[in-house]
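Inspection log for the structure reproduced underneath, given as structure tokens.
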Amino acid sequence: MAFAFQPVAAQSILRDAETEELLKDLLAPIVEASELEPGNVEVVLINDESINAFVAGGQAIYVHSGLINAAGTANEVQGVLAHELGHITAGHAVRFNERTKAANGISILSLLLGVGAALAGAGDAGMGIIAAGQQAALGTFLSFNRDQEAATDLAGARYLSGAGISGRGMIKFFERLRGNEIRAGYSQADEAAYARTHPLSGDRIQTLRGLLEQDAAWNTPEDPVLQERFLRAKAKLYGYLNEPKRTLVAFPPSDTSVPARYARAYAYHKDARIDMAIAETDALIAAEPDNPWFLELKGQVLLESGRPRDALVPLRRATELTRAHPLIAGLLGHALIATEDQSNFAEAETVLRASVQKDRYNPFAWYQLGVVYEARGDIPRARLASAEVQVMNRQYPQAIASAQAAEAYLPYGSADWIRAQDVALEARAELEQIKKRR
């Protein structure tokens, strides 16, 4: 588990190889049922404790860590993913921007009329026009959102049906949301719906239940393998994000299940009880010797505890088992560099280049690759690696400067020379967009 500092509306993205593979596998049959191209929709995990998921343009679904924590089953997460996929297929992110402009238009028009009335001496009437206009804009906007959400619920149900996945998880998750709304004091009365961006959870459940219970897939049992993978990913996420004391209450030592050991390994590691963390990882590996995620975890604990040489064995094996998964290969590259043994740097460069070729949006791997280049005196490529990190961290002026410095000394026409130009162009385009928004 690792943070990658890729901001999405100032939120941090969580990167974990095992969790990403799980989310990919949960989504794949639903994408196929939607008739989108398999592999073209990705799921991004956001470090946010609120129970939420959203799309923001393109073909990416952003899932909050709080949603994973709140869900009880993999099937519930699939219900959420199916709903969000409906937003993508309907192009709602684009239409959202269009509708926002329309609502703003109503609001601006009412403001002009209100100011005109006030200048004519009818101050109270002017303020009334402004307030009414603002209410109309808000009402139009919220109504549009509710209509979108209701239509997307139905699309999600259709995709679950097409994939042969039970809709019970979708219903269960909406029931969880309704319970949270009631506990938080939100009214479930019909009149309250007009001030909401989403339909009432009770109304959504009623509509969907009648549809999903009649579906042939309703009684399809949950996939036990996916469910076990979900429980493991959920536990490791809990252990990674929460305070050790809280984790050890939720997963006491008396619980020797795999998810509990996963969570405790992170808790002990965060609490600097390294021997106990290693004991948990060793117990996991003893149960499943060729599980790459367990090997990755042991390597991570050893590396972050100042034992990079010891970390190489489990990380090399994890990299081999996953065919050089970019996140695990990146961690191995980091361990090789951390040994401070120059003889390991050639291997580090190999695994890090393989990592960024498979996953270019990995600033940590780019940073480590820059360290290797700088150590061997390849300053132009070190500058290019810095530019890659900077553009992902929205440091656009710095990215332009680094890319231009790299381009000036890289071989003319080489792949890296072309990439330096691409990074500079990307950074300039982002700066232009920022200027336009201002």
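Considering every residue within the range 73-90, establish whether at least one is modelled with pLDDT of 95 or more, in a loop (DSSP other than H, G, I, E, B) and either over 23 Å from Tyr266 (Cα atoms) or more than 10 Å from the chain's Cα centre (by Cα) (or both). Scanning the range 73-90, I find at least one residue that is modelled with pLDDT of 95 or more, in a loop (DSSP other than H, G, I, E, B) and either over 23 Å from Tyr266 (Cα atoms) or more than 10 Å from the chain's Cα centre (by Cα) (or both), so the answer is yes. Within the option set Leu142, Leu154, being at pLDDT below 85 and part of a helix (DSSP H, G or I) holds for one residue only, Leu142. Taking the listed residues Phe230, Phe251, the one that is under 23 Å from Gly169 (Cα atoms) and not hydroxyl-bearing (Ser, Thr, Tyr) is Phe230, with no other qualifying. The set of residues in the range 231-246 being assigned to a loop (DSSP other than H, G, I, E, B) and either touching a strand residue (DSSP E or B) at 6+ places or on another chain (Cβ under 6 Å) or surrounded by fewer than 19 Cβ atoms within 10 Å (Cβ to Cβ) (or both) consists of Glu243 alone. Taken together, the residues in the range 397-421 that are surrounded by 13 or more Cβ atoms within 10 Å (Cβ to Cβ) and under 19 Å from Ala365 (Cα atoms) amount to 8.
Condition check ((1) over 17 Å from Lys236 (Cβ atoms); (2) of a type in the set (D, E, K, R); (3) touching a Gly at 6+ places or on another chain (Cβ under 7 Å)) across all residues:
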residue: Thr281; (1), (2), (3): no, no, no
residue: Glu288; (1), (2), (3): no, yes, no
residue: Glu296; (1), (2), (3): no, yes, no
residue: Leu303; (1), (2), (3): no, no, no
residue: Arg309; (1), (2), (3): yes, yes, no
residue: Arg323; (1), (2), (3): yes, yes, no
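Taking the criterion of being buried (at least 22 other Cβ atoms within 10 Å of the Cβ), in contact with a Pro (Cβ under 9 Å, 6 or more places away or on another chain), over 20 Å from Ala354 (Cα atoms) and of a type in the set (A, V, I, L, M), would at least one residue in the range 307-330 satisfy it? Scanning the range 307-330 turns up no residue that is buried (at least 22 other Cβ atoms within 10 Å of the Cβ), in contact with a Pro (Cβ under 9 Å, 6 or more places away or on another chain), over 20 Å from Ala354 (Cα atoms) and of a type in the set (A, V, I, L, M).
For the range 361-379, filtered to residues that are in a helix (DSSP H, G or I) and touching a residue at least 40 places away in the same chain (Cβ under 8 Å), the residue that is surrounded by the fewest Cβ atoms within 10 Å (Cβ to Cβ) is Phe364.
Yes or no, residue by residue, for (1) in a helix (DSSP H, G or I); (2) under 22 Å from Ala385 (Cβ atoms); (3) of a type in the set (Gly, Ala, Ser):
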residue: Ala265; (1), (2), (3): yes, no, yes
residue: Ala272; (1), (2), (3): no, no, yes
residue: Leu295; (1), (2), (3): yes, no, no
residue: Arg323; (1), (2), (3): no, no, no
residue: Ala329; (1), (2), (3): yes, yes, yes
residue: His334; (1), (2), (3): yes, yes, no
residue: Phe345; (1), (2), (3): yes, yes, no
residue: Val351; (1), (2), (3): yes, yes, no
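So that you can scan it fast, the table gives a plain yes or no per residue for (1) crowded, with 17+ Cβ neighbours inside 10 Å; (2) at pLDDT 95 or above; (3) part of a helix (DSSP H, G or I):
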position	(1), (2), (3)
Tyr186	no, no, no
Gln206	no, no, yes
Leu248	yes, yes, yes
Arg261	yes, yes, yes
Tyr268	yes, yes, yes
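The values are calculated or read from the model by the stated rules, or taken from the named source; none is laboratory data. Keep in mind that what you see is a predicted model, and the values were worked out from it rather than measured. So basically every Cβ, Gly included, is an ideal-geometry build from the backbone, and we count neighbours across all protein chains shown.
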